[in-house]
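Single-structure report; data block below.
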Amino acid sequence: MDDEKIIVCRCEDITLKEIRDLIKEGFTTVEEIKRVSRAGMGPCQGKTCGPIIAREISRITGKPIEEVYKPHNRPPFGGIFFKEIVGETDEK
Amino acid sequence: MNVAIFEEKEFLGGQLIKQTHKFFGSKDESAGIRGIYIAKNLINEIEKTENIDLYLNSMVMGYYEDGVITALVNNKMEKFIPKKVIIATGAFEKSIPFENDDLPGVFGAGAVQTLMNVYGILPGKDVLMIGSGNIGLIVSYQLAQARANVKGIVEISDHIGGYLVHASKVRRLGIPIYTQHTIVKALGKNKVEGAIIENIQTHEKKEISCDVICLATGLMPLSDILNQINCEMKYIPELGGFVPIRDENLKTTVENVFVAGDVAGIEEATAAMLEGELTGLYAAYEITGKFDKRINTIKERLKDLRKTSSKVVNGLKKLNLYEDFIVEPHESLGDLHKTGIPEEEKIENLLSSKKERFAILECFQKIPCNPCVSSCPTNAIKMDGLNEIPKLDYDKCIGCGNCVAVCPGLAIFVIDKKKESVILPYEFYPLPEKGEFVEILDREGNLLERNQVLSIRKMKDKTNLIEVKVSKENLKHSRHIRVVR
Amino acid sequence: MKNRAAVVIIGGGINGVSIAYNLAKAGVKDVIVLEKKFLAYGATGRCGAGVRQQWGTKQNCILSRESVKIFENIKDELKVDIDIEFKQKGYLLLAFTEKEWNQFHKNVQLQNSLGINSKLLSPQEAKEIVPFLNTEKLLGAAYYEKDGHANPFLTTLAYAKAAEKLGVKIYKGVEVFDIHVKEGKIKGVYTNHGYIATEKIVNAAGGWSQEIGKMVGVDLPVYSERHEILATEPVNEILGPMVMSFSYNIYCQQTPHGSFVMGYGPKETSKSMRSTWQFLETMAKKVTYLLPPTKNLRVVRQWAGYYNISPDRQPIVSSCNEVEGFYMAIGFSGHGFMLAPAVGVIMKDIILGNKLTWDVVLDIGRFERNEIIKEPSVV
Ligand SMILES: Cc1cc2nc3c(=O)[nH]c(=O)nc-3n(C[C@H](O)[C@H](O)[C@H](O)COP(=O)(O)OP(=O)(O)OC[C@H]3O[C@@H](n4cnc5c(N)ncnc54)[C@H](O)[C@@H]3O)c2cc1C
Ligand code: FES
């Protein structure tokens, strides 16, 4: 498999190769990888890529998933427009 | 008590309304009914109930330390302070990485089901399914019903993940299941034109041309809101990943917060419905002190249902639930587990009767399901428990075909040795006409012969019964028909 | 893990790694950084990462001016191939009250005298820089185009890599839970991975620095307070500078990645690290009033971190009279990211007993000497 062509984080366009390189550099938790690479900061907030990255770290380092990944979610779930918060729906 | 339901979509029903197949389970829990109708019944109940406020198109976005829930209602952020909160946000699909996995044409199974069953759109013509769990098998079947060409089902493990009756259903359509295989690459420049799959043992590769790759690689609890309020979670692969730690009443580690359904661990609709009832009543019990008897009966029913789901029960044990619950060990089903095709010997056993016309119950796996029992007018089908294998009393069986029509697994057939005919369940369109010559297919979808349709029984719930003439040697092999015009 | 070190730095935020790098660069061997979670877990990874030189006190001006020089040449300085995404698109500070406008006049004079060429703008001129700015009630603005923003994770990472190249050992997941002091002298630290003998400890624990102080029996004059912040989904570049107002209480910027990041100072202090719906609501009102097109931006994340506040809103970079070998770089009061490059240099001077590279007074004794001039320009 050509890991440069495998997109792990679709939201932020990050490949398996980039993730593997970061793991080799010593970033061995999903949270750290998110901070250095933005993988997991996209619209889905890491729902899709978080588990994949976790499995990859676990596979490479031999650590159990619980040690490398703690899903941690920041509100607002799903995203919200400022106008929806202030209650202004007029587009103009 | 006032109840408010928040639903992100414009309709209620969640995954259920995408399920056009019949559910297993006990007659008491809507067994034999198609998921979509179960959903419709529940929705009707809800709409009839005055003290339920429905917020559709309303996504819950935040659950904050001070107990405030924010939701996006009619494009405006609104705030609510509930006494009790039940989180039943279900699950989302896991995806697996492979080369070119970002090509248009790579879909999740949920998206394919929504397109197909909610909006009536086919995502493509030739589909490769990844994953042979119940979702992969069922969506493959539904795709075939919608006249897509399913090129195969790829399964990394050495056995089929879903119920074997579902596997048999797709096999007789001629869909191969590649166990011990995985997808390594999507082919195509701007869209999917094919895929390369690989045998994980021999590393032998195979190219399959297709315009859709459908991922049915499992579900994970959608626990965002639980994580926001710091519910304690535990990683339990048997339940799909991180699940909330909770007690037997589905109460989480955060005061006043309860869970039900897939968000508490990936299981099935029947379990989810019972969990919903349990946790709803328990939340009400905490407020009113009532309902304790009903709560206990539901717990018993849940236990009963889980008798054969060793995976789920083992997962629950890790949460210190069901601690002294004993799961029946899995019996070996031999090749059936790898291929979806029952072994010769097992079929021969069913055929040993001297009678001319009788039902054949190709039901070999213990699953919680019993609609056949009560469908029989002569009480010929017996089951020792919800999870047992049904046994047919050949002396009583009159070969009426009622059970053929109700079996959610489409695993029952009637053969008539004298008339040289078989009654098959049929869920495809167009229906053949009486007297029409159709292709008779075997358990792997291979053509056995062309022969005549003797009768058609159109059933209310759309599993129609087709009786076809077949030659003597093909009686025990004929399991599906194809209408060719 | 090593069990002895010349210097143990507690905290893997931007200041911890900057100090480690500068010590190693000056030839100190056996420097260890201990981080309880992972690099930039604390305020550094949660901050707005704005970099401004328009301050109201001489110290803050000098520290930020010198830090910007380092940010501008970070690759030459650190010799690691990491782009810290330093962007200089200016800071636009808005004045809505007379008092504030007068202060801006004073600030700009001070800044100009220190080589920071900021200037005052009329509301009209401010609108030229940010065309969609709501200038209602705006009296004027201060602007400096050399202010800007950097990526806090990558900056921390760059410093960490550079430090490691010079022999520093950085241990993640190692939490200090007590400090061994004997006869007023540092002897070592107790961690969840064992004891490390050392005679010098640097407290760079940000929001947790008070707790570290308690471990050596010193009550540090700082406190931590929750500050909330949010980010939107990325959009095309529409906002050049960081827009900031002290009286209206807001800062807002667009990062090079395209997302908007913004926050304001809390009305009440909280020790919780959780975010609130009140912040989301108030922030939405503020920003859509001041920068109306933002109403079409979608918020994707809100979070919180600690400001570690000192009495005069300027950092305490100092040794400690009570305990020999105990050093601290704390109390950054919401601007510790931008000052970190210079703080690393100063801390190195202090530990090595050198004359300070720049003319600043950051020692903890200043509060007793009553030599404090409070920074007037903070959110
Ligand atoms: C919302 C917000 C916005 C901000 N905006 C800006 C801005 O625009 N520009 C700017 O310059 N600054 C800004 N700041 C301030 C800036 O983030 C901080 O001043 C700076 O990051 C402090 O860095 P530090 O290294 O001192 O502390 P931190 O980054 O907090 O690092 C301390 C580290 O110590 C670790 N630690 C604590 N206790 C222990 C222990 N016992 N053992 C081991 N490790 C321990 C922690 O895990 C943490 O990683 C902002 C802050 C916040 C919260
Ligand atoms: S896939 Fe990584 S953030 Fe969405």
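Suppose we compare each residue of the stretch C:38-65 in its chain alone and in the full protein complex with a 1.4 Å probe; which ones drop by at least 50 Å² of accessible area? Checking the loss per residue gives C:38.
Do the sum for chain B: with -39,500 (n - 2.57) for every DSSP H run of n ≥ 4, divided by all residues, what is the mean residue ellipticity at 222 nm, to the nearest 500 deg cm²/dmol? List each step's numbers first, then the result.
Working: 12 runs with 108 residues, N = 485.
Result for chain B, helices only: -6500 deg cm²/dmol.
Probing with 1.4 Å while keeping every protein chain in the model, the per residue accessible area of chain A equals 44 Å². Ordering C:319, C:113 by accessible surface, largest first, gives C:113, C:319; the 1.4 Å probe counts only protein heavy atoms, with every chain in place. Shielding value for C:292-303 is 6, the average number of Cβ atoms from other chains within 10 Å of each residue's Cβ. For a test of the definition: using alpha carbon positions, the gyration tensor, and the 1.5 limit on a/c, classify chain A as rounded, prolate or oblate. Here chain A falls in the prolate category. Convex hull volume per residue, computed on the Cα atoms of the stretch B:1-127, equals 180 Å³. On the protein heavy atoms, probe 1.4 angstrom, tell me the percent of accessible surface of the stretch A:7-85 carried by carbon and sulfur. Carbon-and-sulfur percentage of accessible area, whole number: 52. Within the shell of other residues whose beta carbon sits under 12 angstrom from the beta carbon of residue C:62, the net charge comes to +1, with Lys and Arg scored +1 and Asp and Glu -1.
Compute log10 of I(q)/I(0) for chain B with the Debye formula, placing one identical point scatterer on every Cα and leaving out solvent, at q = 0.07 Å⁻¹, to two decimals. Values returned for q = 0.07 Å⁻¹ are -0.40. Legend: mean number of C-beta atoms from other chains within 10 angstrom of residue C-beta atoms, peptide A:41-49, equals 4.
Evaluated at q = 0.13, 0.14 Å⁻¹, the base-10 log of the normalised Debye intensity for chain C, with identical point scatterers placed on the Cα atoms, takes the values -1.03, -1.18. Take each peptide in C:242-252, C:355-365, count the other Cβ atoms within 10 Å of every residue, and average; sorted highest first, the result is C:242-252, C:355-365. Computed from Cα positions, the angle between helix C:152-165 and the longest principal axis of chain C comes to roughly 30 degrees. Per residue, the accessible area of the stretch C:173-232 comes to 41 Å², computed with a 1.4 Å probe over protein heavy atoms only. First obtain the Kirkwood hydrodynamic radius of the protein assembly as shown from its Cα pairs, then insert it into the Stokes-Einstein equation at 10 °C and 1.306 mPa s, and state the resulting D in µm² per second as a whole number. This corresponds to a translational diffusion coefficient of 50 µm²/s. Mean-square fluctuation check for chain C, GNM, Cα pairs under 10 Å: which of C:228, C:35, C:136 is largest? Greatest mean-square fluctuation among the candidates belongs to C:136.
Given a cut-off of 32 Å, name the pairs among B:40/B:185; C:182/C:267; B:18/B:48; A:47/C:79; B:84/B:169 whose C-alpha atoms lie farther apart than that in the structure shown. If you can, show how the numbers build up before the last one.
Numbers: B:40/B:185 40 Å; C:182/C:267 42 Å; B:18/B:48 23 Å; A:47/C:79 36 Å; B:84/B:169 43 Å.
Distance filter (> 32 Å) returns B:40/B:185; C:182/C:267; A:47/C:79; B:84/B:169.
Other residues whose C-beta falls under 10 angstrom from the C-beta of residue C:264 contribute a net charge of +1, scoring Lys and Arg +1 and Asp and Glu -1. For the stretch B:95-217, carbon and sulfur atoms together expose 49% of the accessible surface, with a 1.4 angstrom probe and every protein chain in place.
Both chains summed, the buried accessible area for B and A stands near 2800 Å², from protein heavy atoms and a 1.4 Å probe.
Per atom type, the stretch C:256-379 shows carbon and sulfur on 51% of its accessible surface, probed at 1.4 Å. Please work out whether the stretch C:305-368 counts as rounded, prolate or oblate from its C-alpha gyration tensor, where a ≥ b ≥ c are the square roots of the eigenvalues and a/c under 1.5 means rounded, while otherwise a/b larger than b/c means prolate and anything else oblate? The shape class here is oblate. In order along the stretch C:102-119, the phi-based Karplus estimate (6.51 cos²θ - 1.76 cosθ + 1.60, θ = phi - 60°) of 3J(HN,Hα) comes to 5, 4, 4, 4, 5, 4, 5, 4, 4, 4, 4, 5, 9, x, 9, 8, 6, 8 Hz; Gly and Pro are listed as x. Packing here is the average count of other Cβ atoms within 10 Å per residue, and on that basis the peptides C:96-104, B:217-225, highest first, run B:217-225, C:96-104. What pairs in B:251/C:37; C:127/C:286; A:5/C:169; C:146/C:172 have C-alpha atoms more than 23 Å from each other? From the list (B:251/C:37; C:127/C:286; A:5/C:169; C:146/C:172), the Cα-Cα distance tops 23 Å for B:251/C:37; A:5/C:169; C:146/C:172.
Whose amide H sits under 5 Å from the amide H of residue B:77, counting only residues 5 or more places off or on another chain, with H placed in the peptide plane? Placed amide hydrogens put A:85, A:87 under 5 Å from residue B:77.
Summing charges over neighbours of residue B:241, with a neighbour being any other residue whose Cβ is under 14 Å away from its Cβ, gives +1 when K and R count +1 and D and E count -1.
The long axis of helix C:277-290 is offset from the longest Cα principal axis of chain C by roughly 50 degrees.
Per-residue shielding of B:62-70, expressed as the average number of other chain Cβ atoms within 10 Å of the residue Cβ, stands at 5. The charge dipole of the stretch C:314-378, taken about its Cα centre with unit charges on the Cβ atoms of Lys, Arg (+1), Asp and Glu (-1) only, comes to about 140 debye. Sorted largest first by accessible area at a 1.4 angstrom probe radius, with every protein chain in place, the residues C:52, A:59 fall in the order A:59, C:52.
Ranking request for peptides B:3-15, B:467-479: highest mean number of other beta-carbon atoms within 10 Å first, then the rest in descending order. If you can, show how the numbers build up before the last one.
Numbers: B:3-15: 15.7, B:467-479: 18.0.
Per-residue Cβ counts within 10 Å, averaged per peptide and sorted highest first, yield B:467-479, B:3-15.
Excluding ligands, DNA and RNA, what is the solvent-accessible area per residue of the stretch B:415-485 at a probe of 1.4 Å, expressed in Å²?
Values: 3550 Å² over 71 residues.
The answer is 50 Å² per residue.
Taking only Cα atoms, what is the 0 to 90° angle, nearest 10, from helix C:14-25's long axis to the longest principal axis of chain C? For C:14-25 against chain C, the angle is about 50 degrees. For the stretch B:344-482, the equivalent ellipsoid derived from the Cα gyration tensor has semi-axes of 23, 17, 14 Å, listed largest first.
The values are calculated or read from the model by the stated rules, or taken from the named source; none is laboratory data. In this text, all values refer to a predicted model and were calculated from it rather than measured experimentally. In this analysis, Cβ positions are derived from the backbone assuming ideal geometry, glycine residues included, and neighbour counts consider all displayed protein chains. Note: areas computed on protein heavy atoms with side chains; ligands, DNA, RNA excluded. Shrake-Rupley method; radii C 1.70, N 1.55, O 1.52, S 1.80 Å.
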